[in-house]
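Can you keep this structure in mind? I'll have questions shortly.
Derivation of every value follows stated rules applied to the coordinates shown; laboratory data play no part. As the structure is a computational prediction, the values presented were derived from the model and not from experiment. Every residue, glycine among them, receives a Cβ derived from its backbone with ideal geometry; neighbour counts consider all protein chains shown.
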Amino acid sequence: MTHARDNFLAWLRAAHAMEEQAITTLSAQSRRIESYPDLKTRIVQHLRETEEHAQALTTLLDHFSATGGVSAIKDMAAKLTAKAQGVGGMLTSDEVVKGVMASYAFEHMEIASYRVLIAAADELDEMEAKAVFERILGEEIAMANWLEANLDAITRVFLMRDERDLMAKR
Ligand SMILES: [Fe+2]
């Protein structure tokens with residue numbers, strides 16, 4: 001039988017690995033995008049936020065003394081997965097559209113993870129941790145909303161540029 005605290009720590013470690021994965025993906029996207037300046041600016045902004053999220057989760061993991069070999073290995077596996085996905089996405093002729101679709105899905109995975117962590121922290125009466133998760137959740141929702149609001153325009157600009165043989169893919 002597992003206890004609430006074990007589940008909480010497992011979700012916290014998974015969220016940290018997820019943020020590390022996000023840093024790898026967002027870094028690759030921000031380096032490659034050229035023809036979509038608004039998207040590039042927003043990705044760079046969220047990269048800065050994401051680095052701060054990863055740091056905040058590291059602080060929490062240290063606080064709960066939950067760091068160890070297992071989480072380090074899981075983090076590394078997540079990073080390698082992100083690298084593989086990043087490389088895969090770059091081989092497509094529509095990588096900017098694929099990237100925005102993947103980011104939109106990823107932000108919602110993050111939103112779900114933080115909602116779970118908020119509920120667990122509340123159950124465990126860990127109010128400082130809960131406040132950290134709520135602050136991060138707000139930034140994930142803002143990024144998801146931005147992507148939702150811009151998916152239409154990015155797709156149309158991609159199609160227009162592709163049609164005119166302008167650099168469209170990134
Ligand atoms: Fe995010």
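Once phi is turned into ³J(HN,Hα) by the Karplus curve 6.51 cos²θ - 1.76 cosθ + 1.60 with θ = phi - 60°, what whole-Hz value does each residue of segment 5-17 show in order, with x for glycine and proline?
Working through the residues one at a time gives 5, 5, 4, 4, 5, 5, 5, 5, 4, 5, 5, 5, 4 Hz.
For LEU151 and GLU128, FRET efficiency with R0 = 25 Å and r from the beta-carbon atoms, rounded to 0.05? Present the calculation step by step, with values, prior to reporting the outcome.
Numbers: r = 36 Å, r/R0 = 1.42.
Here the calculated transfer efficiency is 0.10.
From the backbone phi of segment 158-167, what are the Karplus-calculated ³J(HN,Hα) couplings (6.51 cos²θ - 1.76 cosθ + 1.60, θ = phi - 60°) in whole Hz, Gly and Pro given as x?
4, 4, 5, 5, 4, 4, 9, 6, 8, 5
I've got another one for you. Between MET167 and VAL44, what is the label-point separation in nm under the 7 Å Cα-to-beta-carbon projection?
1.6
Short version: ³J(HN,Hα) in whole Hz for each residue of segment 42-55, in order, from phi by Karplus 6.51 cos²θ - 1.76 cosθ + 1.60 (θ = phi - 60°), x for Gly and Pro, what are they?
Using θ = phi - 60°, the values come out as 5, 5, 4, 4, 6, 4, 4, 4, 5, 4, 5, 4, 4, 5 Hz.
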